[in-house]
Amino acid sequence: MFLGGHKKHLVEWIEVNKLLGVERFTIYVHNVSKGDMNILNYYESKNIVEIINWTLSTDNARQYDPPSADDISYFAQMAAGNDCLYRNKGRATFTMNTDLDELIVPSRAADFTLLDMIHRLPKRNVYCFRSSNHTDVDVYHDEHPVAQRFKHLHIKMVDHFKREKEFSKPRIRSKLIYRPG
């Protein structure tokens, strides 16, 4: 997580994921506003969030030049993902990696939570979900089962159920849920 000004969005993201069955969050903090940090600290005090300081070294006093953000792919997200997977091994049944603007949402009415969806799928160690973009239409699409579930809550994050027809190619911007074992 980096930058700031996400207060309402951050709370919505955590709360919507909780509605989808997520019990604990490991959040990697690079550079956030004081307001966002206060929100994270609140959730940490409730044992819902674990905050990991995730900054790249800028110490020029070292013998060798430190890596820049350009040298390490997008704030070392791959390393953060691996750290999260190993950090949660043995204490989580499933681990997933998403950004603040991303959700993995079950599309079948019978799948109220992510676990409902996973239990319906064949048992695997990794589940890969291809992504698609959603338009910024602030209208609920009543035919979508998840929209029906959340309509009364007036959550901005789930207003966007009008999906583009194209999906990303497999493993391109895909979202993963792991069974860390």
Burial ranking of peptide ranges 96-103, 45-52, 120-127 (average Cβ count within 10 Å, highest at the top)
96-103, 45-52, 120-127
Grab the beta carbon distance between residue 53 and residue 93, set R0 = 30 Å, and tell me the FRET efficiency rounded to 0.05.
0.70
Projected label distance in nm at residue 82 and residue 128, using a 7 Å step from Cα toward the beta-carbon
1.9
Check which residues have an amide H placed less than 5 Å from residue 50's amide H, if you skip close sequence neighbours.
25, 26, 27
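The numbers here are math on the coordinates, done by the rules we state, and not lab data. Just so you know, these numbers come straight off a predicted model, no measurement behind them. So basically every Cβ, Gly included, is an ideal-geometry build from the backbone, and we count neighbours across all protein chains shown.
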